[in-house]
């Protein structure tokens, strides 16, 4: 092998060594392919909340003031209870006497289930209607059942894994349309959120 051939091979070897040691560089800096952790937050299923309001340790019988009960034409009698499904604290208020309309509302404070549970096919399949609404600026769902025409339910997204649940129905005579009960559930939910905001 000639001296020129040996020199050429040595040059190639030197270039190969420099390339292997130097790595890929852009403008004198090593390129990086490491992924940047994502800081994005998944959007809420019903939209964003103006703020978070915790329902933990809140008495559902105190989310409506005496003045609000009077506006609703409800008795000041509050009946505490517990939910059968989630063991959530509940309170029944209403008006069983006097001239109609005689309405009642069951207020539940759910702290161990997210409102997104009401968007699952299992829950939605048992409803006659389900409409996205807002209550005092908070995203909410207004729902009616398939069997009865005299009740309506409004659930309000107040925090992750927590929601206010208002179920309004007749206290005496049977109804023929859920609309007046949906109006009532929205009114009760609106007042309850206002009270919760004032105390948060």
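Of all residues in the range 52-73, those satisfying the criterion of being more than 21 Å from residue 179 (Cα to Cα), free of Cβ contacts under 8 Å to residues at least 60 places away in the same chain and in a loop (DSSP other than H, G, I, E, B) are 57, 59. I need the full set of residues from the range 55-85 which are closer than 21 Å to residue 113 by Cα and surrounded by 14 or more Cβ atoms within 10 Å (Cβ to Cβ), in order please. Answer for the range 55-85, where residues must be closer than 21 Å to residue 113 by Cα and surrounded by 14 or more Cβ atoms within 10 Å (Cβ to Cβ): 55, 58, 60, 61, 63, 81, 83.
Name the residues in the range 148-183 that are in contact with a strand residue (DSSP E or B) (Cβ under 6 Å, 6 or more places away or on another chain), in a helix (DSSP H, G or I) and either on the phi > 0 side of the Ramachandran plot or surrounded by fewer than 24 Cβ atoms within 10 Å (Cβ to Cβ) (or both), would you? Passing the criteria: only 182. For the range 74-97, a residue qualifies if it is in a loop (DSSP other than H, G, I, E, B) and touching a strand residue (DSSP E or B) at 6+ places or on another chain (Cβ under 8 Å), and the qualifying residues are 74, 75, 77, 78, 83, 86, 88, 95, 96. Check the range 110-120 and report whether any residue there is outside any helix (DSSP H, G or I) and under 18 Å from residue 61 (Cβ atoms). Yes: the range 110-120 contains one or more residues that are outside any helix (DSSP H, G or I) and under 18 Å from residue 61 (Cβ atoms).
Where a number appears in this text, it was derived from the coordinates with a stated rule and is not lab data. Quantities reported herein were computed from a predicted structural model and do not represent experimental measurements. Cβ sites come from the backbone with ideal geometry, for glycine too, and all protein chains shown count toward neighbours.
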